[in-house]
Each structure stands twice: as structure tokens, then as C-alpha cells.
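The values are calculated or read from the model by the stated rules, or taken from the named source; none is laboratory data. Just so it is clear, the model here is predicted, and its values are computed rather than measured. Cβ sites come from the backbone with ideal geometry, for glycine too, and all protein chains shown count toward neighbours.
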Ligand code: UGA
């Protein structure tokens, strides 16, 4: 099929590459000329495993192209995806200006029937607004063209996005048009082979499904962080509690890891936006408020533990392993490491940091400063420091040489913001250990 995707950000680029991979003719559009130039040159602006070869191969095969020309994009497509950003507004609600600008541009150029698919995470009711915006442009031009607007939210995880796109758990299609559903069933057939993954529903339910999924996952994390804080005070170990409850299939083992709080571009933004939507409709979402409040407090937890251990942090030097909001990405949006860095700096401490992917992003965000040294490997980060802090659960941090860590630190102590290590193993190596919810109250 001929597909156009507005927005070559994270979602648009991954979706475009995966749809091209199964044989579609995909044109990816963006208003950012610099980004298009990079993509044309084969340079992928985000770090995502498997994405660069997928883009390269499909471009070479002639199934994937980039353009800044909206008229060409609209003329190209049987199905148009809207995958532009919905950054939070000042009040926390999703800013729809990019989505609606794309809708207007579709209306301004449309000449033959098309299915418009909303992939961006948008508040309930946005498909209606997109429909109205397209219709208004068509009316201004005095033309009549049939079009449908479908909600088809994405459930990609950063770091695993290509896999999630090629092998989705579910494909949610929100539409009351049989024709549009049939078109999308055809488009998604290659990803829907072994068992039925397509769930068809009305547009508003599909829009809410996306927020409900992310809010549920964020709730699981905040719940476990709450349990961890209780565990700490009563002398229990949240890691054992986790194994104890995960064995119940109604609870499950996934996504119940206590830690330094959730970050990223999705959970904080989406929980907040859903909170706003609920309020706008006259409902105060008490559970969502609590999920957000627990997470905000949790992001300060490692700093509290450090203060508890050292007292004043002024003049202290710390090694920090892990800057990205989670492993396998260079994304630092809402990362717990940032809360920690900023609090340590405010206390007058110096940080020597290492991350396998996010050093350039850290430099971009914070620039050059005297109290931040970005290191070229995990061991140089330890040089001349008092203690080690781990903030991202990169695989490479799982089994370090604890004896070497101990000898590098002036004060042998590890603050483990992701519960990567067994306290006993660390303590046997001669280091003090602080985790999240591991039976130690400070
Ligand atoms: C999330 C969802 O997992 C995706 O399904 C969704 O499509 C995406 O948002 C989106 O809306 O676009 P992502 O933001 O990439 O994906 O990150 P996650 O892997 O969900 O991790 C989020 C944060 O939660 C990370 O900071 C991670 O360290 C933390 N986390 C995760 C925990 O603290 N504990 C856990 O048990 C799991």
C-alpha cells in the first residue's frame, strides 16, 4: 500500500521503517529540514537498536523515502499516519497544535479518498477535532473528498521499538467505518499472522486505551515504590516481596521493579495528561494523583539515602553510572538521574558520570560545567570519588568487579537506584550497600 507518515520522530520513523519492511511504499514527512537532511544522509537521529539497518535497507530497496513536501505526501497516500509530537502544554495537557496543523495540511491538499490514522498519543476526542479540521479545509477549497479518521495508538517501548512494531502484542483500531477498518486490517495483516492481535473498537475507547495502558504501567511502578518505602521501614526486602507476589499470575512478574522512579517521554506526560482530561470532565482522579506524587518523591530517594549516609554532600565527589531514563536508549527526558544530578550540584557535590549511550545528550542538556565530568568508561568515572551511584539498569552494570570498585572509592559504598545488586554480595566485597526498599532505614 502507499503510506505517508507525518512526523519522523520516534514513532513515525519506526512505524515507517517497519511498514516499508513488509513491502509497503512509505513516504515519511517532516517539517524539520535539518532532520530530513540527516535522514537522507543515512544518519538516524535517535538511538534505537535495529532501526538504522532497517531504514538503510528499505531506502536502498526504494520502499522508504523522506520529504518535506506535504502536498506530495498527501498525493502519495492511501493511508496517512499522523505521528507528530504532542508535548505537554504548560498546564500538563497535551499540546495538539502539531496534530491539528497536519490535519489542516491534509485538508489543504487532499484530492482523493484516504484513511487518516492518528498514531500520536492524543486526548480522547482528538480524532473528532482532526476530522473537523480536515473538513473545514476541504470546505474552504470547495471540494468534496471522502476521508476517514481512525485512532490507532502505538505501544512501542524505547529500546525495543522495532521489535514491538514488527511483533506487536495488540493492534488497537478505533473506528466506526467498515472501510477504514478493512484498510487497516490489510495493512497490518503481515504483523497479525499467528493469532488475532487486532482489537477493533470505537474511536474514543481506542484513544483512552492508550492512556489507560500507560497509566496502569505507571501505577504498577508507583505501587512497588510505595511498598519499597514501607519495606525499608519495617526491615523487609522489596526484592523478595516482588518474587513473592509476582508468582500470582493475576499480578505477574513484569513491571513490578521498585527503583528510583519512572521517567521517559511517555509515563510522566501521559499520566499528567489523563489527569487533566479527567478534571476537564469534572472528575478528580485520586489514584493518578497518587501515582504522580509517589513518583516525584521516589526520584529524590537516592539523594535522600546519600544525605543519610554522608550528612553534608558539599565537596563530595561521586561516580554515577547510568544517565538514560532506562537502558538501551540515549533518552534523558524526565530521567531520575537528572533529579539526582541537580540535587547533588545544589548540595555542592561533583559528579563523574558514565553512560553507554547518553553522554552526548547529557552534554547537550547541561553543557560544560565544573561539577560534571563525563567519563569515557565506567572505571574512569570512579577515579578519585567517594562513592558509586547506579541510576540506570544497563546490562553492562550487572556484574561489576566489586573489589575493583572498592579500591577505587575513598568511602566504599554503593547506592543502587535500580536494585541491580544483591546486598550480601556487595557487602561481602567490603562495600556498604543502599538499595531501594531493601530493609535498611535511613
Ligand atoms: C512506555 C510503555 O512501556 C510503552 O508500552 C508505551 O508505548 C510508551 O511508553 C509510549 O507511550 O510511547 P517507554 O517510555 O519507552 O515505554 O519506557 P518503559 O520501558 O515503559 O519504562 C519507563 C520507566 O519506568 C523507566 O524509567 C523504567 O526504568 C521504569 N520502570 C519500568 C521501573 O521503574 N520499574 C519497572 O518495573 C519497569
If residue 290 passes every condition in (1) within 14 Å of residue 220 (Cβ to Cβ); (2) near the ligand (Cβ under 8 Å from one of its atoms); (3) surrounded by fewer than 22 Cβ atoms within 10 Å (Cβ to Cβ) but one, which one does it miss?
-> (2)
For residue 63, state whether it is in the same structural domain as residue 164 (by TED's automatic domain parsing) and surrounded by fewer than 16 Cβ atoms within 10 Å (Cβ to Cβ).
-> no
Hits in segment 139-165 (condition: within 16 Å of the ligand (Cβ to nearest atom) and not in a helix (DSSP H, G or I)) | 151, 152, 153, 154, 155, 156, 157, 158, 159, 160
Could you tell me which numbered condition residue 407 fails, if it satisfies all but one of (1) within 30 Å of residue 227 (Cβ to Cβ); (2) over 30 Å from the mean Cα position of the chain (by Cα); (3) outside any loop (DSSP other than H, G, I, E, B)?
-> (1)
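Just name the residue that is surrounded by the most Cβ atoms within 10 Å (Cβ to Cβ) out of those in segment 264-287 that are part of a helix (DSSP H, G or I) and away from the ligand (no atom under 15 Å from the Cβ).
The residue in question is 275.
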Segment 295-315: number of residues that are surrounded by fewer than 21 Cβ atoms within 10 Å (Cβ to Cβ) and within 14 Å of the ligand (Cβ to nearest atom) | 2
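Residue 169: within 15 Å of the ligand (Cβ to nearest atom), surrounded by fewer than 17 Cβ atoms within 10 Å (Cβ to Cβ) and part of a loop (DSSP other than H, G, I, E, B), yes or no? Break it down stepwise before answering.
Working: within 15 Å of the ligand (Cβ to nearest atom): yes; surrounded by fewer than 17 Cβ atoms within 10 Å (Cβ to Cβ): yes; part of a loop (DSSP other than H, G, I, E, B): yes.
Yes: the conditions hold for residue 169.
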Does segment 229-263 hold any residues that are more than 10 Å from the ligand (Cβ to nearest atom), free of Cβ contacts under 8 Å to residues at least 60 places away in the same chain and on the phi > 0 side of the Ramachandran plot, and which are they?
-> 252
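Is it the case that segment 185-195 has a residue that's more than 10 Å from the ligand (Cβ to nearest atom) and not assigned by TED's automatic domain parsing to the domain that holds residue 131?
Taking segment 185-195 first, the residues more than 10 Å from the ligand (Cβ to nearest atom) are 185-195.
So of that shortlist, the ones also not assigned by TED's automatic domain parsing to the domain that holds residue 131 come out as none.
Checked segment 185-195: no residue is more than 10 Å from the ligand (Cβ to nearest atom) and not assigned by TED's automatic domain parsing to the domain that holds residue 131.
For residue 226, indicate whether it is touching a residue at least 24 places away in the same chain (Cβ under 8 Å), in the same structural domain as residue 435 (by TED's automatic domain parsing) and touching a strand residue (DSSP E or B) at 6+ places or on another chain (Cβ under 7 Å). Break it down stepwise before answering.
Numbers: touching a residue at least 24 places away in the same chain (Cβ under 8 Å): yes; in the same structural domain as residue 435 (by TED's automatic domain parsing): yes; touching a strand residue (DSSP E or B) at 6+ places or on another chain (Cβ under 7 Å): no.
No: the conditions fail for residue 226.
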Complete set of residues in segment 16-32 that are touching a residue at least 40 places away in the same chain (Cβ under 8 Å) and out of contact with any strand residue (DSSP E or B) (no Cβ under 6 Å at 6 or more places or on another chain) = 17, 18, 21, 22, 23
Exception for residue 261 within (1) surrounded by fewer than 19 Cβ atoms within 10 Å (Cβ to Cβ); (2) at pLDDT 95 or above; (3) assigned by TED's automatic domain parsing to the domain that holds residue 297 falls at (1)
Within segment 126-146, can you find the residues that are over 29 Å from the mean Cα position of the chain (by Cα), farther than 13 Å from residue 104 by Cα and surrounded by 13 or more Cβ atoms within 10 Å (Cβ to Cβ)?
-> 145
Where residues in segment 331-351 are touching a helix residue (DSSP H, G or I) at 6+ places or on another chain (Cβ under 7 Å) and surrounded by fewer than 20 Cβ atoms within 10 Å (Cβ to Cβ), which of them is farthest from residue 386 (Cα to Cα)?
-> 334
From (1) over 24 Å from the mean Cα position of the chain (by Cα); (2) over 24 Å from residue 391 (Cα atoms), pick out the condition that doesn't hold for residue 230.
-> (2)
